[in-house]
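Colleague: Encoded as structure tokens, here's the structure I'll be asking about.
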Amino acid sequence: MNSTGIPLKEPAISAAAGDTEQLERALIDASTRVPVLIFYTSAVAWLILGTLLAGFVSFKLHTPDLLSDIGFLTWGRVRPVHMNVMVYGWASMAGMGTAIWLMARLCRTVLRYPLLLVAGAGFWNLGVFLGVCGILLGDSTGYQWLEFPSYAAIILFVAYTLVASWAVLMFRFRRGEQIYITQWYLLGAFLWFPWLYAAGQLMLFVVPVQGVLQAAVGWWYANNLLFLWFGAIGLGTAYYMIPKVIGRPVYSYHLATIGFWSYALFSSWTGMQRLVDGPFPAWMVTASIAATILTLIPVATVGLNHHMTMQGYFPLMRYSPTLRFTVFGAMSYTVFSLVGVLISLRSVARYVNFTQASIAYSHLGLYAFFTMVIFGSMYYIVPRLIGREWRYGSLIKLHFWASAYGIGLMTLMLLAGGLTQGASMENPSLAFSESVESVLPYLRGRSLSGILLMVSHFIFAYHFGLMLFGLGRKSTVPTFLNPVEAEGAEVAH
Amino acid sequence: MKGLAPLFLGIFGTFAFSWVGLTLIPNWQIGHLNPQSDEEGTDIYPMPQSGMVTRGARVYAANGCNYCHSEQVRAEYSGADIERKWGDRRSAPRDYIFERPVLLGKMRMGQDLANIGARAPKEEESPSPTGGASPAPQGAAASPSAVASAKAASSPPATSPSPATAPATSPGAIASKPPASPGPAGPPPSKSPAAAAAASPAASPRPSAPPWPEQTAGLPPMYSAAWHHVHLYSPRSINFDSNMPSYRFLYETRRITDARSSDALQLTGSDAPREGWEIVPTYDAKCLVAYMMALNQSHPLKEVRSTGASAAASPAASPPPAPGGQPAK
């Protein structure tokens, strides 16, 4: 394993770390402070907005008359706004913040040209803001996750170019020959996204393809965004945080290689399975179903790798917030993929294709997996940027449990509701309205889970705000979830 | 991993593979379809959309109708869509060649709308600007649904100036009538928009009743343009357990100046405007309804087998989907 000469211990805190190394890290962290904090702060602001919208959307779905007389508050406009705020405002910005910090650390070089990133963040915020206003005013394009009108999309692309060119520059000035696993995923994400976004925009709006292919391109885009942008950033982050926190190298380099390449190859072919038995050539759907099943290979390798790395260190999840969130996210990645395989099988898709189950799937990917990993990374990174520790361990604990129970309840409600809805829909002797009625109780339950998530996000935003205003703890010891017991478990936060 | 070249090539290659495989090759395969026509070059399907319909599609997308309504009928082996009478045959790529945006939809919190235009009463297929003034064919078939009967008993007919082309009966009488047997003929299989437009809206008496229950009392015939307007304005006045939000912001309440507008909605009960006022659709609402009336995949396609050999035969064979065919939600 070590014959490859890969510094598998690189992300681990080396016991023999000299003062120079510590100093170097502190310098790198300091250089990323302003841009990363700008990305994080914007992301948290969008998260709060998106959460409020989510609650609104969820209640409106079973209370259709709630504020329905106002054009820009109609359900069909607020829902895409919620999705896009979460996807582009929260998840993308927080993901980019984490990716920037990881890139600087792993390239072992101070961040150059921070203004490029600051400008990128500014333009990105502007793009999301304009897009949100556009949708509310009735300019939505109607394609999932590409609802932003073209004027907003162009700004987003400019912003992205700034961020990506910075990442390439950073990579150009990296020190050391070795490229750590996390960097593969991050480089992949940074290079896939612009291609994906440009291809989506071009083939849908600039030189639109004919007819149903627009829907195919739309779902190809949405699924690849989920896997190759969010998934890649999430997995890369988990590959850094887990070994780092427990102070132990990744279990197997070879597994990681297999995991990465099979992920890139198979997950990019998914997407069409969500249009099962639609008006398409059957081979497209079948190819995507096959690819979805094949994503079990990266799931198994990545899962095994993380599991073996964690082996014997699971008790540390009792203390480290980062580890707890990240491991939860990494486990959810497995669940997310398994659910994805399950609902893409033709015999199951027949029932769940047009139901709430697909919403459960998106939430598993974007929230239970990606968002939880990003929360974990923020608990790790923010103290290193600000020089203060998180103020209340209890708030972190509350955040974790509210999020975990919230997303768990939401997934269960939507999956069970989707199955019920699908079963009544597939029974033509039942009135169609009964399929809708059968899912409504589950949707009310989902609204309850939304309240839990709202609580968790408000707690996090408040805690983050305290950190931002320098009200964190002044301490050399990181904030633990539970007091470390006397036997002196050496926890590196 | 040593060396950047393999990493970059791999990242590039995997994605290029997916891009080519899932977008470019399908584009080569089905990206340049033409409308089909018979040997004489007539009976062309599908036809390009009118300006109002195109604008209506934008209104539909802008208000997110596609998050609850799909526009695709699956084959009979993969779902109950055809059994639910959402279409005679599965949807095919050729059905969508003039649609933009294509709003296939991924969720059915509401009915599938792929053929909602085909389900309109015959004289209403073309986007009719006459809104509420269209003759309500009240005597044709009483709705078997209790909802409609209850409505008939409780609410007086709207004050719409209904031309007496249809056999005019009082709503009470309709409600007490036994449900008429389903008519023998549904919409004929060939209904290009041009042909439909040619059909005179008011002159010809209805040849037969459509196979689905009709709302009679005070309400326009089901899935007619006027019905859509009432449904959009107040979904629960038509179907009390509907989950659809109302789209009142697409309508305008205004004072009647000299005569009641021909577009005014036929509203009853608490939705009805005050005396001297009327509720009329905005241009966007008219476009939206025009778009829905144009959603019609009932024309046979050579590459797809239609299940109900002809649309006229199928409704006679099976009873109307009693409450199942209730108004769209």
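Colleague: As an exercise: evaluate A:GLY312 against (1) free of Cβ contacts under 8 Å to residues at least 60 places away in the same chain; (2) more than 23 Å from the chain's Cα centre (by Cα); (3) part of a helix (DSSP H, G or I) and give the number of the one condition it does not meet.
Modeller: (3)
Colleague: Can you tell which of A:TRP220, A:TRP269, A:TRP229 is at the interface with another protein chain (Cβ under 10 Å from one of its Cβ atoms), of a type outside the set (Val, Ile, Thr), assigned to a helix (DSSP H, G or I) and over 28 Å from A:PRO478 (Cβ atoms)?
Modeller: Going through A:TRP220, A:TRP269, A:TRP229 in turn, just one is at the interface with another protein chain (Cβ under 10 Å from one of its Cβ atoms), of a type outside the set (Val, Ile, Thr), assigned to a helix (DSSP H, G or I) and over 28 Å from A:PRO478 (Cβ atoms): A:TRP220.
Colleague: To continue, here is another question. Any chance you could count how many residues in the stretch A:272-282 are within 9 Å of chain B (Cβ to nearest Cβ) and either within 19 Å of the chain's Cα centre (by Cα) or surrounded by fewer than 21 Cβ atoms within 10 Å (Cβ to Cβ) (or both)?
Modeller: Number satisfying all stated conditions: 1.
Colleague: Do the conditions hold for A:SER438, that is, is it out of contact with any Asp or Glu (no Cβ under 9 Å at 6 or more places or on another chain) and either crowded, with 21+ Cβ neighbours inside 10 Å or not in a helix (DSSP H, G or I) (or both)?
Modeller: Criteria not met by A:SER438.
Conditions tested, residue by residue: (1) part of a loop (DSSP other than H, G, I, E, B); (2) at the interface with another protein chain (Cβ under 7 Å from one of its Cβ atoms); (3) farther than 23 Å from B:MET244 by Cα.
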residue: B:GLU71; (1), (2), (3): yes, no, no
residue: B:ASP81; (1), (2), (3): yes, no, no
residue: B:ARG84; (1), (2), (3): yes, yes, no
residue: B:ASP95; (1), (2), (3): no, yes, yes
residue: B:PHE98; (1), (2), (3): yes, no, yes
residue: B:LEU103; (1), (2), (3): yes, yes, no
residue: B:LYS106; (1), (2), (3): yes, yes, no
residue: B:GLY110; (1), (2), (3): yes, no, no
residue: B:LEU113; (1), (2), (3): yes, no, no
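Colleague: Cβ-Cβ distance below 9 Å, separation of 6 or more or different chains: which pairs start in the stretch B:268-285 with a residue that is exposed (fewer than 12 other Cβ atoms within 10 Å of the Cβ) and end on one that is in a loop (DSSP other than H, G, I, E, B) and modelled with pLDDT of 90 or more?
Modeller: What qualifies is B:SER270/B:SER234.
Colleague: Which condition breaks for A:ILE179 when tested against (1) outside any helix (DSSP H, G or I); (2) open to solvent by 10 Å² or more (accessible area, probe 1.4 Å); (3) closer than 29 Å to A:ALA256 by Cβ; (4) among the hydrophobic types (A, V, I, L, M, F, W, C)?
Modeller: Answer for A:ILE179: the failing condition is (2).
Colleague: What about A:ILE242, is it under 25 Å from A:THR301 (Cβ atoms), assigned to a loop (DSSP other than H, G, I, E, B) and either aliphatic (A, V, I, L, M) or within 7 Å of another protein chain (Cβ to nearest Cβ) (or both)?
Modeller: Against the criterion (under 25 Å from A:THR301 (Cβ atoms), assigned to a loop (DSSP other than H, G, I, E, B) and either aliphatic (A, V, I, L, M) or within 7 Å of another protein chain (Cβ to nearest Cβ) (or both)), A:ILE242 does not qualify.
Colleague: Here's another thing I want to ask about it. Within the stretch A:65-140, which helices (runs of 4 or more DSSP H) (wholly inside it) include 1 or more residues that are under 12 Å from A:ALA167 (Cα atoms) and open to solvent by less than 30 Å² (accessible area, probe 1.4 Å)?
Modeller: Per the criteria, A:92-107, A:114-136.
Colleague: Can you name the residue in the stretch A:392-435 that is among the hydroxyl-bearing types (Ser, Thr, Tyr) and more than 15 Å from B:GLN111 (Cβ to Cβ) and, of all such residues, is least open to solvent (accessible area, probe 1.4 Å)?
Modeller: The selected residue is A:SER403.
Colleague: Further question on the same structure: Taking the stretch A:40-64 as the search range and keeping residues that are polar (S, T, N, Q) and assigned to a helix (DSSP H, G or I), which one is most open to solvent (accessible area, probe 1.4 Å)?
Modeller: Ranking the candidates gives A:THR41 first.
Colleague: Sort out which residues of the stretch A:340-359 are in contact with a Ser or Thr (Cβ under 9 Å, 6 or more places away or on another chain), within 19 Å of A:THR286 (Cβ to Cβ) and among the β-branched types (Val, Ile, Thr), and write them in order of number.
Modeller: Selection gives A:VAL341, A:ILE343, A:VAL352.
Colleague: Let me ask something else about it. Pairs under 8 Å by beta carbon, first residue closer than 17 Å to B:ARG58 by Cβ and away from chain B (no Cβ under 13 Å) in the stretch A:125-140, partner surrounded by 18 or more Cβ atoms within 10 Å (Cβ to Cβ) and among the hydrophobic types (A, V, I, L, M, F, W, C), six or more apart or different chains?
Modeller: Between residues of the stretch A:125-140 that are closer than 17 Å to B:ARG58 by Cβ and away from chain B (no Cβ under 13 Å) and residues that are surrounded by 18 or more Cβ atoms within 10 Å (Cβ to Cβ) and among the hydrophobic types (A, V, I, L, M, F, W, C), the close pairs are A:GLY131/A:PHE148; A:GLY131/A:ALA152; A:GLY131/A:ALA153; A:GLY131/A:LEU156.
Colleague: Under 8 Å between Cβ atoms, at least 6 apart or on separate chains: pull out the pairs that start in the stretch A:453-465 with a residue that is not assigned by TED's automatic domain parsing to the domain that holds A:HIS399 and end on any residue that is among the hydroxyl-bearing types (Ser, Thr, Tyr) and part of a helix (DSSP H, G or I).
Modeller: Nothing qualifies.
Colleague: So is A:TYR351 open to solvent by 10 Å² or more (accessible area, probe 1.4 Å) and modelled with pLDDT of 95 or more or not?
Modeller: Judged against the criteria, A:TYR351 is not a match.
Colleague: Among the numbered criteria (1) in a loop (DSSP other than H, G, I, E, B); (2) open to solvent by less than 10 Å² (accessible area, probe 1.4 Å); (3) closer than 30 Å to A:MET310 by Cβ, which single criterion is violated by A:PRO249?
Modeller: Result: A:PRO249 passes all but (2).
Colleague: Do the conditions hold for A:THR161, that is, is it at pLDDT 95 or above, within 26 Å of A:GLY122 (Cβ to Cβ) and of a type in the set (Ser, Thr, Tyr)?
Modeller: no
Colleague: Report, by residue number, each residue of the stretch A:196-214 that is open to solvent by 10 Å² or more (accessible area, probe 1.4 Å) and facing chain B (nearest Cβ under 9 Å).
Modeller: Within the stretch A:196-214, A:MET203, A:PRO208, A:VAL209, A:GLN210 qualify.
Colleague: Restricting the search to the stretch B:14-51, which residues are under 13 Å from A:TRP261 (Cα atoms) and more than 9 Å from every other protein chain (Cβ to nearest Cβ)?
Modeller: none
Colleague: Here is a list: A:ALA330, A:ALA300, A:ALA287. Which entry is in a helix (DSSP H, G or I), open to solvent by less than 50 Å² (accessible area, probe 1.4 Å) and within 24 Å of A:MET241 (Cβ to Cβ)?
Modeller: Result of the check over A:ALA330, A:ALA300, A:ALA287: A:ALA330.
Colleague: Does B:ALA61 satisfy the condition of being under 24 Å from the mean Cα position of the chain (by Cα) and in a helix (DSSP H, G or I)?
Modeller: Yes: the conditions hold for B:ALA61.
Colleague: For the subset of the stretch A:399-440 comprising residues that are under 30 Å from A:ILE48 (Cβ atoms) and among the hydroxyl-bearing types (Ser, Thr, Tyr), which member is nearest to the chain's Cα centre (by Cα)?
Modeller: A:SER403
The values are calculated or read from the model by the stated rules, or taken from the named source; none is laboratory data. Note that this is a predicted model, so its numbers are computed, not measured. As a convention, Cβ positions derive from the backbone with ideal geometry for all residues, glycine included, and neighbour counts pool all protein chains shown. Just so you know, the surface numbers come from the protein's heavy atoms only, side chains and all, with ligands and any DNA or RNA stripped out. Shrake-Rupley method; radii C 1.70, N 1.55, O 1.52, S 1.80 Å.
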